[in-house]
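Just below is one structure, and these are the notes that go with it.
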Amino acid sequence: MPLPAPLLLGLLVAAGSAHAGPGDDEPGAELVVTATRTATPRGDAPVAVELITREDIAASGAENLADLLEGQPGLDVERSYLGAALRMQGMNPDQVLILVDGERVLGAKDGVIDLGRFPVENIQQVEIVKGPGSALYGADAMGGVVNLITRTPDEPVRAEVHLRGGERGTADASASVEAKGDRLSGQLVAGLHQNDGYDLSPQDEATTASAFQQWDVSGQGRAAISPNFSLGARGSVMRRNLQGVEVSGGGAVLDRLSAIEEVQLGLTPRLLLGARSMLTLGASGSVYREQQLVDQRGATALDTYEDHQERLGELSAQLDRATGDSHLLTVGAEAMGVTMESPRLDGGTGARARGALFVQDVWRVPGVSGLSVVPGARLELDSWYGLVPTPKLAIRWQAAPSLTLRVSAGAGYRAPSFKELLLRFENPGAGYVVQGSPTLRPETSRSLQLGAEWAPNDAWWLSANVFHNDLNDLITITTLKAASAGEPAQYGYTNVASAWTAGLELAAQSQPTRWLDLKLTYTLTESRDETLHQPLEGRARHRGTAQAGIDLDQLGLSAQARAALVGARPLTGDTDADGVPDPIEAPPYAALDLRLQKRLLGRGAVALGVDNLLNAGDPTLLTMPPRLVYLSLDLTHPRRDGA
Amino acid sequence: MRHLPSLAPLCLCLGCAPDLREDRPADSLPQDTDTGGLITDGETRTLTVNATAVDVWVYLSLSDGALVSPADPLQDDSWHLALQRYNLAVNGGVSGAREVEVAPVEGHDLDGLTAAPADGWRTDLADADGDGVPEYALGDWYEYDATTHVLTPADRIYALCDGAGACFKLSIEGYYDEVGTPAMVGLRWAPLPPR
C-alpha cells in the first residue's frame with residue numbers, strides 16, 4: 001500500500017536521503033533512494049527499482065561490482081582492455097550513470113568506468129533504475145542509474161571477516177567493524193584483493209586481462225547532534241595496481257603497468273524542519289589518479305609514462321516537504337566542479353563547472369486509489385554547452401493489491417567528456433591523429449517505459465517492462481581526413497549519429513516451496529544505428545538468465561546456480577585484412593556459476609564455488625574470465641541468528 | 001621536517017603513490033633503436049634507419065651508404081633520402097637542391113630491375129592539400145591498415161636519379177624492427193644505369 005506523505009518523510013528521516021536502511025523481509029518493502037532521491041519502499045517507487053541486497057551479494061560470491069552485475073537480468077557487462085563496462089537497455093556504458101551514495105565517480109576511460117574496481121565488501125545494496133534518470137541526476141543518466149549504497153551499521157556491535165582463495169592467484173580478504181548507538185554510529189571496512197589476470201590466447205605474449213592488486217579502506221559515521229540535526233561523514237581510499245602485456249600491430253611487446261588511486265570524502269548534514277520537512281545538505285570531493293607506464297621489451301622507443309588526475313567537488317542541498325497527505329515535494333540545487341590533468345588533453349588540462357536546479361512532486365491523486373503521478377524536471381547549466389532541461393513524468397498505479405502498473409517518459413542527456421572535447425593524440429608510429437572538438441553538443445535521449453508487476457500469490461512475482469529510447473546527437477569518432485599517400489588519417493569527434501534502442505524485459509520469481517527460490521528473466525533488445533543503418537554493436541538481441549537457490553535450513557546448507565544464455569551479438573572486425581571493418585557475429589554463449597554454502601551455526605559460513613563452469617569465452621569476441629574454482633570463509637561476531 | 005612522518009598516511013591516500021617509473025628504469029640492455037650497420041652484398045646495400053624521432057629528419061647518402069648531417073639540408077647535396085617516421089623526402093623539389101626524382105616501378109623486385117623507367121618521374125612538391133605537409137614523391141611507399149594502424153610497404157620499388165645523372169633502385173623493406181619498434185625503416189638499394 002502506498003504510504004501517506006508524512007509517513008514517507010518519517011521513513012526518509014530514518015533512512016536518510018543518501019542511505020537506505022537495511023531491506024525489510026517483505027518483498028517491495030525494502031527502502032530504496034534512487035528512484036526519487038528520497039527513501040521510498042521499493043514497491044511504492046514510481047519507477048521500477050531493481051535491488052541487490054547485502055544478502056544477495058553474499059549469496060552471489062561476487063567480490064566486485066563486475067562479478068555481481070554480470071548475472072543480473074537485463075544488464076550487460078562487457079569486458080575489454082578498458083575493464084568491465086556496463087550496458088543497460090542497449091545503451092552504451094557512458095550513457096549509464098554510476099553513483100556511490102548518490103555521488104558521481106571519476107576515472108572513466110573511453111567512457112568506461114571499470115566495475116572491477118568497486119569491491120562489494122562496503123556495499124549495503126545496489127539499486128538499479130533503468131531508463132533516463134537525468135531529471136534527478138543530470139548528465140550521463142540516459143540509459144539508467146546504478147547507485148551503490150554503502151554499508152550502514154544496523155546492530156549495536158558487529159565484526160565480520162571474509163576470506164576467499166581460488167585459482168589464478170585469486171585472493172580476497174576483507175573485514176568490517178560496526179557500532180550503532182543512540183547518537184553515534186559508524187562502520188569501518190577494509191579489503192585486500194588480488195588476481196593474476198588471465199590469457200585466452202597463450203600463443204602470443206599478450207594477456208587478455210591484467211593482473212591486479214588492490215586495497216581499499218572505507219568508513220562512515222553519523223552523529224545525532226540534536227533530535228532535529230544529524231551529521232554524516234564518509235570516506236574511502238582505494239589503491240589498485242595492474243600489470244598486463246600487449247602486442248602492438250607492429251609486433252612490439254609492451255608491458256603495461258597502471259597505478260590507480262582514488263579518494264572520496266563526503267559530509268551530509270541533515271536537518272529536520274518541523275514534522276513535515278527535511279533539509280539534506282551534501283559536500284563531497286574525490287580525487288582519482290592513474291599512472292600508466294608502457295615499457296617496450298627490448299627497446300625504449302615505445303616507452304611512455306602518463307599521469308592522469310581528476311578532481312571533483314560537489315555541493316548539494318535538497319529539501320523534502322510533505323504537504324497534506326497527497327504531496328511529497330522535493331526541490332534541490334547542486335553545484336559541481338571537475339578538473340582533469342592529462343598529457344592527452346590539448347593544453348594538458350580541462351575544467352568544467354556545472355550547476356543544477358531540480359524539482360519533483362510525488363502526488364498521490366486524491367480519489368483514485370493507488371495512483372501516484374510524479375512530475376519532475378532538472379535544469380542544468382554546464383560551462384561547456386549551456387543549459388540543458390530534462391523533464392520526466394512517471395505514473396504508478398496500483399490497479400489491484402497484486403498488480404502495479406508504471407509508465408514513465410523522460411529526457412536524458414550525456415555530457416561530452418574531456419577527452420571528446422579536448423583530446424589531442426598523435427600515434428607516434430603510424431602518425432594518425434585523433435582530436436577532440438570543443439564545440440560538441442551533449443547527446444540527448446527521449447525515453448518511454450511501460451511496466452507491470454503482478455504478484456498473484458505469495459509464491460509468484462511476475463514483471464514485464466517495455467522500453468523505447470530515441471538517441472540523438474550521438475558523439476562518434478569520424479574520419480576527418482582519410483589516409484592518403486604520405487598523409488596519415490585524421491579522426492575527430494562529432495555529433496553525427498542517431499539511434500534507437502527498444503525492448504522487452506520479462507522476469508518471473510517464484511518460491512514454490514520454503515527451501516526453493518527460482519528466478520527467470522528474458523530480455524529482448526532491438527537497436528538500430530540510424531546513421532550506419534545497422535544494429536548497434538555488441539548488443540545481444542536475446543538474453544536470458546535463470547537462477548535457482550536451495551536452502552536446507554535445518555542442515556545449514558544452501559546452494560545456488562546462476563545461468564545466463566546470451567544470443568548472437570553483432571560486431572565488426574576486419575575479416576579480409578583490407579583495413580576496412582566488416583560485420584561479424586559473435587556466437588551465442590552460456591555461462592553458469594555454482595555455489596554451495598554451509599553455515600557455521602550463526603558464526604559465518606564456508607562456501608565452495610565455481611564461476612563460469614562451462615568456460616565460456618574466447619580471445620577476441622568474448623573476453624570473460626575463464627572458469628574459476630574458489631573457496632571462501634565468512635566469520636561474524638557476535639553470533640547471528642539464522643546465519 | 002619532523003612533521004613529515006605524521007603526514008605520510010595522508011600523503012599515501014591523496015595521490016602520492018610511488019612514481020611507476022621508479023621501479024622500471026629504461027631498459028639497460030643494448031637497444032636496437034640505433035641505425036643498423038650497412039650490409040653490402042655485391043652492389044646491393046641494406047640498412048635499417050632509425051627514423052623514430054618525431055621532429056628530427058635523418059639524412060642518407062645512397063652513394064656512400066651512410067647517414068650524413070647536412071648543415072643546410074635545403075642547399076646541401078650530400079644526401080639523397082631524408083626520413084622522419086613514415087615520411088620519406090628526396091633531395092629535390094621543395095625538399096632539396098640535388099634535383100632528385102623518383103619513379104615507381106611495379107612488377108619487379110630489386111634484383112630484376114636493370115634499367116630506369118622512361119616515365120613516371122616526380123619529385124617533392126609543395127603542399128597542395130592545405131595540411132602543411134609537402135606532397136612527397138615517395139609518399140605512396142606504404143599501405144595503411146586503418147584497423148590495426150600498421151604500415152606495410154606497398155608492392156613496388158622505386159628508381160631514383162639525381163640531377164648529375166646518378167641513378168639507384170630502391171626498395172623499402174619494412175617499417176618495424178624485430179622488436180616491433182615503428183619507424184625503423186629498412187632500405188635496400190643498388191646502383192642503376194643512368195636513364
Using a 1.4 Å probe and ignoring any ligands, DNA or RNA, find the accessible area of A:LEU163 and quote it in Å² to the nearest 10.
-> 80 Å²
Using alpha-carbon coordinates, inclination of helix B:4-13 to the longest axis of chain B, degrees | 60 degrees
Cα-based Rg (one decimal) and Dmax (whole number) for chain B, in Å?
-> 22.2, 82
At q = 0.08, 0.09 Å⁻¹, base-10 log of I(q)/I(0) for the protein assembly as shown (Debye sum, equal scatterers on each alpha carbon) = -0.77, -0.93
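From largest accessible area down, sort A:LEU381, A:LEU69; use a 1.4 Å probe on the protein chains. Don't jump to the answer; show the numbers that get you there.
On the way: A:LEU381 95, A:LEU69 0 Å².
Final ranking, largest accessible area leading: A:LEU381, A:LEU69.
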Sites A:GLU205 and B:SER61 - FRET efficiency at Förster radius 25 Å, r taken between beta-carbons, to 0.05 | 0.05
Heads up, I need the accessible area for A:TYR432: 1.4 angstrom probe, whole protein in place, Å², nearest 10.
-> 30 Å²
Sorting A:VAL629, B:VAL68, A:GLY251 by the position of each Cα along the dipole of the protein assembly as shown (Lys, Arg +1; Asp, Glu -1; all at Cβ), the one nearest the positive end of that ordering is A:VAL629
In whole Å, largest first, what are the principal axis extents of the Cα atoms in the range A:181-228?
-> 66, 17, 10
Got a number for carbon plus sulfur as a percent of the protein assembly as shown's accessible area, 1.4 Å probe?
-> 59 percent
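In what order, largest first, do A:ASP593, B:ASP124, B:ASP64 sit by accessible area if the probe radius is 1.4 Å? Show your work: numbers first, answer last.
Details: A:ASP593 40, B:ASP124 0, B:ASP64 100 Å².
The ordering from most to least exposed comes out as B:ASP64, A:ASP593, B:ASP124.
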Total accessible area lost when A and B pair, probe 1.4 Å, Å² to nearest 100 = 3400 Å²
Per residue, what accessible area does chain A have, given a 1.4 Å probe and all protein chains present, in Å²?
-> 41 Å²
Rounded FRET efficiency, nearest 0.05, which uses the C-beta distance separating A:ALA399 from A:ASP110 and R0 of 45 Å = 0.55
Label A:THR439 and B:GLU22 with points 7 Å out from Cα along Cα→Cβ: what is the distance between them in nm?
-> 4.7 nm
Pick out which of B:VAL102, B:VAL68, B:VAL150 has the largest mean-square fluctuation in a Gaussian network model of chain B, springs linking Cα atoms closer than 10 Å.
-> B:VAL150
For A:LYS130, list the lysines whose Cα falls under 18 Å from its own Cα; do not include residues on the same chain fewer than 8 positions away.
-> A:LYS392
With every protein chain in place, what's the accessible area of B:THR44 (1.4 Å probe, Å², nearest 10)?
-> 30 Å²
Add +1 for every Lys or Arg and -1 for every Asp or Glu among the other residues with Cβ under 9 Å from the Cβ of A:GLY191, and state the total.
-> -4
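Taking the Cα centre of chain A as the origin, how large is its charge dipole in debye, to the nearest 20, when only Lys and Arg (+1) and Asp and Glu (-1) carry charge on their Cβ atoms?
On the way: 55 positive and 78 negative charges, 366 e Å.
Taking the Cα centre of chain A as origin, the dipole is about 1760 debye.
Report the Rg/Rh value for the range A:540-643, based on alpha-carbon coordinates and the Kirkwood definition of Rh.
On the way: Rg = 19.8 Å, Rh = 16.5 Å.
With Rg and the Kirkwood Rh in hand, the quotient comes to 1.21.
Give me a single rounded figure for B:177-190: the average over its residues of other chain Cβ atoms within 10 Å of their Cβ. All intermediate terms of the calculation are to be shown ahead of the outcome.
Details: counts 6, 4, 10, 15, 11, 12, 6, 4, 0, 0, 0, 0, 0, 0.
Other-chain Cβ atoms within 10 Å of each residue's Cβ, averaged: 5.
How big is the charge dipole of the range B:34-192 about its Cα centre, in debye rounded to the nearest 20, if each Lys and Arg gets +1 on its Cβ and each Asp and Glu gets -1 on its Cβ? Each step should come with its number before you reach the end.
Values: 7 positive and 27 negative charges, 49 e Å.
Magnitude of the dipole: close to 240 debye.
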In degrees, nearest 10, range 0 to 90: what is the angle between the Cα axis of helix A:5-15 and the longest Cα principal axis of chain A?
-> 60 degrees
Among A:VAL496, B:ALA53, A:VAL338, pick out the residue whose Cα is farthest towards the positive end of the charge dipole of the protein assembly as shown, where Lys and Arg carry +1 and Asp and Glu carry -1 on C-beta, about the Cα centre.
-> A:VAL338
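Using only DSSP helix segments of four residues or longer, with each worth -39500 (n - 2.57), what per-residue ellipticity at 222 nm results for the protein assembly as shown after dividing by its residue count and rounding to 500?
Working: 6 runs with 43 residues, N = 838.
After summing the helix terms and dividing by the residues of the protein assembly as shown, the value is -1500 deg cm²/dmol.
The values are calculated or read from the model by the stated rules, or taken from the named source; none is laboratory data. Because the structure is predicted, anything quoted here is derived from the model rather than measured. Because the Cβ atoms are built from the backbone with ideal geometry, glycine has one as well, and the counts that use them run over all protein chains shown. Accessible surface areas use protein heavy atoms only, side chains included; no ligands, DNA or RNA. Shrake-Rupley method; radii C 1.70, N 1.55, O 1.52, S 1.80 Å.
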